[in-house]
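A.B. asks: Here's a structure for you.
The values are calculated or read from the model by the stated rules, or taken from the named source; none is laboratory data. None of these values were measured; they are calculated from a predicted model. Reconstructed Cβ throughout: ideal geometry from the backbone, glycine too, with neighbour counts over all protein chains shown.
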Ligand SMILES: Nc1nc2c(ncn2[C@@H]2O[C@H](COP(=O)(O)OP(=O)(O)OP(=O)(O)O)[C@@H](O)[C@H]2O)c(=O)[nH]1
Ligand SMILES: [Mg+2]
C-alpha cells in the first residue's frame, strides 16, 4: 500500500510499530496497526522522503500480506488518517508533473500495465465466439472510419468535406440496429440460462395439481376431489423446447375460504404476480363459476395460457367462455395430446418472436451486455445530436465512447490511438 504527499510519512508512522526507528529507504519489520492502534498485520514499512521517490513527493509504503481483508483494513486505516484514494495513474501523473519522468517513459509504464489488461481482454475475447466478435469488430471499423472522416473535416476544413447528415444518420441507424440485435440475442441466452417462471392458477378443484403432476410425469402434488386440496405453493422445473420452465402449483383462488386456505390464496396471488407466465386452469365440464370468471378476468392483461380441463366430462364451461379466451386450449390432464398443446403454448410464450437459435453466438456475461448497451446508448446520443441539427463534429465524443465500449468487448481497446489521455490508462496505485 503506498501513499504519496506531504503527510505520507506521518500516516505510515502512525500505522506502524517497530523496535527500530524508521529510516529513509530502509525496509523495517514491525506491526501494522489501525488508527486506534489495534493490530492488523505484520510487515515492512518504507519511507521515501521528497524528492527521492517515484512521484518526487514524500512517499511511504506498507508491505502487508495479500489477503483482501487485510488490504481493505489497512486502506481503511490510511483513509481514516487523512489519505484519499488515488485516481487512476495519479502517481505517474505526479511523477511527470514533478519532472521525474517524461511522457514517453510514462507511456512505457502504461504499456506494461496494458499488457496485463490486454491479456485479460484477450481471455474475455476467447469466450466470445468468432461470429460475435466479428460483428462487433465490423461495427467498430465503421465507427473508426466515421471518426477519421470527422477528424479530417475538422482539421482540414478547406480540403475535406464533413460527412452529410443523411449519411451519418443512416450509418448510425444501421449500427444501432445491429447492436439492438445483439442485445436481443443476449435475451435469448438469458432465457436459456435462467428459464421462466410459470404460475399454475385457477379456481379450486380445476385440476391445477393434476396438470403439474402430468407435466412433470410424477405424482408430486396431492390431488383430490375436495376443493382446497392445495394450500401451499409447490415448485418444480421441467424443460420445454430448451427452456427451463419453473412451474408453481398454487392454491385455488376463491373468496372467503377458511383461514389456512386464505393464506394459501394470498400466496397464490403473489406467485402469480411474480411469474412471467400464468397457466390458467378452468374446469371445462361445469358452467363457468364466479371464481373461474374472476381468474380469467384478472389474467387478461398479462401473458398467459388458458387451459380448459376435464373435457372428457363435458365442455359447458368452455362453450360459455368469453371472446378474450377464444384460443384457449380444451383438453384433459389425462390426455397426452392436451399436455403436448400446453407445452407448446408455454414454449411459444417463452420464446415470443425470438427464434430459439441456440447455436448462434450470444453475449453471455453482464459485462458484455453492458458494453453493448453502453455503445448503443452513445450512438443514440449521437443520433439525436445529428437530428436536432447541431454541428456534426459534436458527436465525436459519443462515437469515441461507443468505440471504446465495443473495444472492451473484443479486447481491441487497449493501446488504441483513440484513448483520451495517457494517464487514464493506468490503474489505481500506478
Ligand atoms: N374428469 C376429469 N377429472 C380430472 C381431470 N384432471 C383432474 N381431475 C380431477 O379433478 C379433481 C381436482 O384435481 P386437483 O388437481 O386436485 O385440482 P386443483 O385445481 O389442484 O384443486 P385445489 O388444489 O383444491 O385448488 C381431482 O379429483 C382430479 O382427479 C380431468 O382431466 N378429467
Ligand atoms: Mg391443487
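A.B. asks: Name the helices (runs of 4 or more DSSP H) wholly within the range 290-377 that hold at least 3 residues that are at pLDDT 95 or above, in contact with a helix residue (DSSP H, G or I) (Cβ under 7 Å, 6 or more places away or on another chain) and within 16 Å of ligand 2 (Cβ to nearest atom)?
C.D. replies: Counting at least 3 such residues, we get no helices (runs of 4 or more DSSP H) at all.
A.B. asks: If I filter the range 157-166 for residues that are surrounded by fewer than 14 Cβ atoms within 10 Å (Cβ to Cβ), away from ligand 1 (no atom under 16 Å from the Cβ) and in contact (Cβ under 8 Å) with a residue 40 or more places away in the chain, do I get at least one hit?
C.D. replies: Yes, that holds for at least one residue.
A.B. asks: Continuing with the same structure: Kindly indicate whether residue 278 is touching a helix residue (DSSP H, G or I) at 6+ places or on another chain (Cβ under 6 Å), under 25 Å from residue 318 (Cβ atoms) and away from ligand 1 (no atom under 12 Å from the Cβ).
C.D. replies: The answer is yes for residue 278.
A.B. asks: I'm told residue 89 meets every condition in (1) surrounded by fewer than 19 Cβ atoms within 10 Å (Cβ to Cβ); (2) in contact (Cβ under 8 Å) with a residue 40 or more places away in the chain; (3) over 14 Å from residue 5 (Cα atoms) except one. Can you identify the failing condition by its number?
C.D. replies: That leaves (1) as the condition not met.
A.B. asks: Taking residue 64 as meeting all but one of (1) in contact (Cβ under 8 Å) with a residue 40 or more places away in the chain; (2) under 22 Å from residue 6 (Cβ atoms), write down the number of the exception.
C.D. replies: Going through the list (1) in contact (Cβ under 8 Å) with a residue 40 or more places away in the chain; (2) under 22 Å from residue 6 (Cβ atoms), residue 64 breaks only (2).
A.B. asks: Also, I was wondering about something else. Looking at this structure, is residue 265 more than 14 Å from ligand 1 (Cβ to nearest atom) and either surrounded by 20 or more Cβ atoms within 10 Å (Cβ to Cβ) or outside any loop (DSSP other than H, G, I, E, B) (or both)?
C.D. replies: When the stated conditions are applied, residue 265 does not pass them.
A.B. asks: Which condition number does residue 62 fail, the rest of (1) assigned to a strand (DSSP E or B); (2) buried (at least 19 other Cβ atoms within 10 Å of the Cβ); (3) out of contact with any helix residue (DSSP H, G or I) (no Cβ under 9 Å at 6 or more places or on another chain) being met?
C.D. replies: Going through the list (1) assigned to a strand (DSSP E or B); (2) buried (at least 19 other Cβ atoms within 10 Å of the Cβ); (3) out of contact with any helix residue (DSSP H, G or I) (no Cβ under 9 Å at 6 or more places or on another chain), residue 62 breaks only (3).
A.B. asks: Condition (residue is farther than 26 Å from residue 93 by Cβ and not in a loop (DSSP other than H, G, I, E, B)) applied to the range 45-56: is it met by at least one residue?
C.D. replies: no
A.B. asks: Moving to a separate point now. If I filter the range 206-229 for residues that are away from ligand 2 (no atom under 11 Å from the Cβ) and buried (at least 19 other Cβ atoms within 10 Å of the Cβ), do I get at least one hit?
C.D. replies: Yes; the residues of the range 206-229 include at least one that is away from ligand 2 (no atom under 11 Å from the Cβ) and buried (at least 19 other Cβ atoms within 10 Å of the Cβ).
A.B. asks: Out of contact with any helix residue (DSSP H, G or I) (no Cβ under 6 Å at 6 or more places or on another chain), more than 20 Å from residue 298 (Cα to Cα), within 11 Å of ligand 1 (Cβ to nearest atom) and in a strand (DSSP E or B) - does that describe any residue in the range 232-240?
C.D. replies: yes
A.B. asks: For residue 241, indicate whether it is modelled with pLDDT under 95 and farther than 30 Å from residue 145 by Cβ.
C.D. replies: yes
A.B. asks: Can you tell me which of 287, 257 is modelled with pLDDT of 95 or more and either away from ligand 1 (no atom under 16 Å from the Cβ) or outside any helix (DSSP H, G or I) (or both)?
C.D. replies: Sole residue among the options that is modelled with pLDDT of 95 or more and either away from ligand 1 (no atom under 16 Å from the Cβ) or outside any helix (DSSP H, G or I) (or both): 287.
A.B. asks: Enumerate the pairs (first residue in the range 213-226 and in the same structural domain as residue 248 (by TED's automatic domain parsing) and more than 16 Å from residue 281 (Cβ to Cβ); second residue anywhere and within 11 Å of ligand 1 (Cβ to nearest atom) and assigned to a loop (DSSP other than H, G, I, E, B)) with beta-carbon separation below 9 Å, excluding pairs fewer than 6 apart on the same chain, so at least 6 apart or on different chains.
C.D. replies: 226/204; 226/205
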